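Here is the structure we will look at.
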Amino acid sequence: MAQDKTPPPRGLAFPILQHARYGLALPRGALTARELLTATALTIRDRAVEGLLDTEERYLEADAKRLYYLSMEFLLGRSLENNLQNLGLLAETRQVLAELGGDLEAVLAAEHDAALGNGGPGRLAACFLDSLASLDLPGFGYGVHYEYGLFRQEIEHGRQREQPDNWRAYGSPWEIERPAETCLVPLYGYIEHTVDAEGRYNPLWLGWKVLVGIPYDLPVIGYGGRTVNWLRLFAARSSQEFDMEIWNEGDYLRAVAQKLESEKISKVLYPADTVAGSRELRLLQEYFLVACAVRDMVRRFERRKAADFADFPQKVAIQLNDTHPSLAVLELMRILIDEKRLPWEDAWQIVAASCGYTHHTLMSEALERWPVALFETILPRHLQILYEVNHRFLAEVAAHWPGDVDRLRRMSIIEESDPRQARMAHLAIVASHSVNGVAATHSEQVKTALVPDFHELWPEKFNNKTNGVTPRRWLLTANPGLAALLDEAIGPGWAADLGRLRKLESLVDDTSFRAAFAAVKRGNKERLTRLIAETTRVEVDPGTLFDVQVSRIHEYKRQLLNVLHIAHQYLALCEDGELPPVPKTYVFAGKAAPGYWAAKQVILLIHSLAGVIRRDPRARGWLRVVFIPDYRVSLAEVIIPAGELSEQIATAGTEASGTGNMKLAMNGALTVGTLDGANAELRQEVGAENLFLFGLTGEEIGALRANGGYRPAEIYANDPALRRVLDTFDGERFSPGDRGRFDWVRRSLVSDGDPYFVLADFAAYRAVQERAGRAYLEPAAWWRAAILNVARTGRFSSDRTIREYAEEIWGLQSIAP
Amino acid sequence: MNIDFDITRGVTVAKLHERRLDAAGAPDLKSRIGRRIAEGERLIVLDMTPVEFVDSTGLSAILSALKGVAPDGKLALAGCRPVVLELLKLTRLDRILQHFPTAEEATQSIAIA
């Protein structure tokens, strides 16, 4: 064979071609977008691995304290563009792919979102990993390697249909399997009571089934590429020994069936970020994650020279993302006591000093409870430990408040209901040295409304860490037009120091800057317009005001309030000849949990209303409503930069923080919102005159609830515009040929008590929408406000959030090269 | 199950020649040791050197033997690999079962005792 004397291409082209040939066994020639995606991702992964190994060396040399972020969800989205951005290789890759006959945009679009999460807390976890690496902090994620992520949403005749999300259908080039670091996870079994040689009680945990957790590492590349951490996801496999047991019984089919049954633990993400009832599989998933994560971190700790468990809290910080991983407390206790033979008090001190807990919501359904009977079946040893934890805790409570039996009952980790339940939030609070909410008002509510007894007992534990979002994904990458404008206007570097955006304030009255800013927004809207046409076949006008409500569909987020207002605008237009202040396009997106009837009805309602409005020539040019299916991170990256009005209209006192509000404001949208969650801090930062707040406050709603003074029927009776809207939903106007399809709207809001105070805020919402519409008619003032929103959202970078966690909770130091 | 029995200094050493002590072989181990205990052999060492994995039935067989020699007999394990020791710790069996690096040390210890 003649030798090829051509020097190998430098840079990225050569390794991309090598991966295509030797990794994918593809012949030389044109590569499809998907093939280029895999080959490019593998190439970038090589670089990430170099970074990973170098970073680990630095951490080992410094004997760095490490943070382990435990979360059942990591809503990662696509990785290639983010990784290229963080390595500074976006431009080079674009060029190289073009030279290879490909197109970067097509390659990026070929990547399937890794949707290993439902919404806010899952995406927060992903933003946090980005910030940890970008700040050179030794922080890592532990999660579940779900085979199927959050379901794919299809819309059929206006109704949501869920389809499985096989995110790894074409493989996942990013992950590195680590079979040598598998973890054994015992489940079920029973306790045999014995005594040891010294006559002490010795419970034996026997009769368990063993699962194996296989780790898969995803590199997390920090901005600038200096530091690469990892996210370790565990996949469940039955142990070979488990297989043999069944095999030996001579029934192959049963063996396979049982093997599949045991491996279902990491099969699918639970499609709801609230857990109700005693769903055994979910508890198994939670324990599986925790057992693998704690085993892994203990192993890593013990590999250190002269590892002494007394030092564990100095070297390990564990953050529990909501209550879902709170079993980590019991698992760590079990390992320290049962395997490492530490006395209870020492073990407890270690656990408490290592663990921090983040609470994410105020919704009662999110306060996780598990039936004690289920614990007994699945985790008998952990239940023993839980009882002991509770016993000692209640002794402390009794000492603090002698004779206060009600308090004991309120605070106990075990709820003495029928059936008895374990309150996981209580466990997490008892076992953690830090308990934080995710926005200032939320953290106050945690202290005063959610768990006031605990705050009274341990005020020092409670603190606030306002959420944030990574400006790399959500501004630099998602909004390249604005990013380029910012670079030009204030210089680079803002993506790593978002506070620099404040420099924009000096440009708010610069007409050419405002024009350029407006042009960027227009370009983003055109991009979204094309996407809407492609996915829904609906034409929208990018010249209209883009009013965006994108989040999970849930009654507390009040998509229904938005819908009522749109219906009002439409009816006023048709019947009163009253034009809206400004032509508008309402953009909705979001998924409803599969079992959540009311949320699914809202999706149907939006589609029905949208269809009626679209077909009515009177509305043409004034109102358009569109629902974009299958909301996910990559879709959010197109919608958010195009948003002009950001709907953050949850009932005050229900939204812990929100992060969509931050992303939209960071991209120049003005918020229409209630004084809830992080909206209050947004107002503080951007200025009350630069957003549109409305509605009852949390205190006002609390007072109405407390004194039973809320009478939605009266509001209905006294507001003719509202009455018209609700009466119309009762008829066929929005459901031709199907009268009664939407009679639940009036029923739920008027007759059934309107638990989310939709009617109470309707008039104020109408008024603020009117004001926002009129404001849009004054472009100079509008763009001024939009620029100030961008300029003043530096605080909402997740870098700031992580710095606070690192300093105030974890005691973590940056280990830069 | 492939097990050799040998008696040294009054101690019965049961040498396992299997990689797995699981549902396949544990019942056999249990019954063979049980017979010897019934015949009066009360000092027993289980040489686990080749064993790479013990499942819950294997552990139950060991526990059954331990109960069988009680109250005046002794059972010790020898040659346990790290993964087996991990399982013993996980179940807390290590607190009621002695284990030694080799069968010789185990024999010496319980023979003296």
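Bear in mind that the values in this text are calculations on the coordinates, not laboratory data. Just so it is clear, the model here is predicted, and its values are computed rather than measured. Note that we place each Cβ from the backbone using ideal geometry, even for glycine, and neighbour counts take in every protein chain shown.
By other beta-carbon atoms within 10 Å, ranking A:412, A:506, A:134 with the fewest at the front produces A:506, A:412, A:134.
Taken about its Cα centre, the stretch B:3-112 carries a charge dipole of roughly 280 debye when the Cβ of each Lys and Arg holds +1 and the Cβ of each Asp and Glu holds -1. Normalising the average separation of contacting C-alpha pairs (under 8 angstrom, six or more residues apart) by the number of residues puts the relative contact order of the stretch A:471-802 at 23 percent.
What dipole magnitude, in Debye to the nearest 20, does the stretch A:471-802 give about its Cα centre under +1 on Lys/Arg Cβ and -1 on Asp/Glu Cβ? Show your work: numbers first, answer last.
Details: 42 positive and 40 negative charges, 141 e Å.
The dipole magnitude comes to about 680 debye.
Comparing B:94, B:72, B:47 in a Gaussian network model of chain B, where Cα atoms under 10 Å apart are tied by springs, the biggest mean-square fluctuation is seen for B:72. About its Cα centre, the protein assembly as shown has a charge dipole of approximately 1080 debye under the convention of +1 per Lys or Arg Cβ and -1 per Asp or Glu Cβ, with nothing else charged.
Counting charges near residue A:730 (Lys, Arg +1; Asp, Glu -1) among other residues having Cβ under 13 Å from its Cβ returns a value of +3.
Antiparallel as a % of all DSSP beta bridges within chain A, to the nearest 5? Expressed as a percentage, antiparallel bridges in chain A total about 45.
Within the stretch A:574-674, the GluC sites (Glu not before Pro) that combine a DSSP coil assignment with at most 13 other C-beta atoms in a 10 angstrom radius are A:578.
Between the stretch A:648-709 and the stretch A:717-745, the C-alpha centres lie 28 angstrom from each other.
If packing is taken as the average count of other Cβ atoms within 10 Å, what order do A:431-440, A:208-217, A:187-196, A:96-105 fall into, highest mean first? Write out the running numbers ahead of the final one.
Details: A:431-440: 23.3, A:208-217: 21.5, A:187-196: 14.9, A:96-105: 17.1.
Packing proxy ranking, top to bottom: A:431-440, A:208-217, A:96-105, A:187-196.
When DSSP beta bridges are limited to those with both residues in the stretch B:3-112, what percentage is antiparallel, rounded to the nearest 5? Don't skip to the end; give the middle numbers.
Working: 6 of 20 bridges.
For the stretch B:3-112, the DSSP antiparallel bridge percentage is about 30.
A straight line joining the Cα centroids of the stretch A:201-228 and the stretch B:39-111 runs 29 Å.
Which value in deg cm²/dmol, rounded to the nearest 500, describes the helix-derived mean residue ellipticity at 222 nm for chain A, given -39,500 (n - 2.57) per DSSP H run of n ≥ 4 and division by the residue count? Can you show the working numbers first?
Values: 32 runs with 368 residues, N = 817.
Calculated mean residue ellipticity at 222 nm is -14000 deg cm²/dmol.
Note on residue A:169 and residue A:684: their simple-model spin labels are 4.6 nm apart, each label 7 Å out from Cα toward Cβ. Which listed residue (A:412, A:793, A:33) has the Cα farthest towards the positive end of the charge dipole for chain A, taking +1 on Lys and Arg C-beta and -1 on Asp and Glu C-beta about the Cα centre? Going by the Cα projections, it comes out as A:33. Beta bridges assigned by DSSP with both partners in the stretch A:471-802 are antiparallel in approximately 0 percent of cases.
Picking from A:601, A:333, A:611, whose Cα lies most toward the positive end of the charge dipole for chain A (charges on Cβ: Lys, Arg +1; Asp, Glu -1)? Going by the Cα projections, it comes out as A:611. Here's the list of aspartates and glutamates a cross-link from residue B:15 could span, going by alpha-carbon distance under 12 Å and ignoring same-chain residues fewer than 8 apart: B:4, B:6, B:47, B:104. Estimated from the Cβ-Cβ distance and a Förster radius of 60 angstrom, the FRET efficiency linking residue A:398 and residue A:98 is about 0.25.
Taking every residue in B:53-63 and counting other chain Cβ atoms within 10 Å of its Cβ, the average works out to 4.
Residues A:237, A:632, arranged from fewest to most other Cβ atoms within 10 angstrom of their Cβ, appear as A:237, A:632. Shape summary of the protein assembly as shown, radius of gyration then Dmax from alpha carbon positions: 30.9, 107 Å. Among A:783, A:205, the order by Cβ neighbours within 10 angstrom, fewest to most, reads A:783, A:205.
Given A:209/B:89; A:447/A:663; A:65/A:305, which pairs have Cα atoms separated by over 18 Å? It would help to have the intermediate numbers written out before the result.
On the way: A:209/B:89 16 Å; A:447/A:663 27 Å; A:65/A:305 14 Å.
Too far apart for the 18 Å limit: A:447/A:663.
The stretch A:785-813 and the stretch A:118-197 have their alpha-carbon centroids 26 Å apart. Across the options A:306, A:528, A:753, the greatest Cα extent toward the positive end of the charge dipole of chain A (unit charges at beta carbon of Lys, Arg, Asp, Glu) belongs to A:528.
Summing charges over all other residues whose Cβ lies under 10 Å from the Cβ of residue A:428, with Lys and Arg as +1 and Asp and Glu as -1, gives -1. For the protein assembly as shown, the cysteines with no partner cysteine C-beta closer than 4.7 Å are A:127, A:355, A:574, B:80.
Using C-alpha pairs below 8 Å separated by at least 6 residues, the relative contact order for the stretch B:3-112 is 29 percent.
Our coupling estimate for the stretch A:693-699, obtained by passing each phi through the Karplus curve with A = 6.51, B = -1.76, C = 1.60 and θ = phi - 60°, is 8, 7, x, 5, 7, x, 5 Hz, Gly and Pro reported as x.
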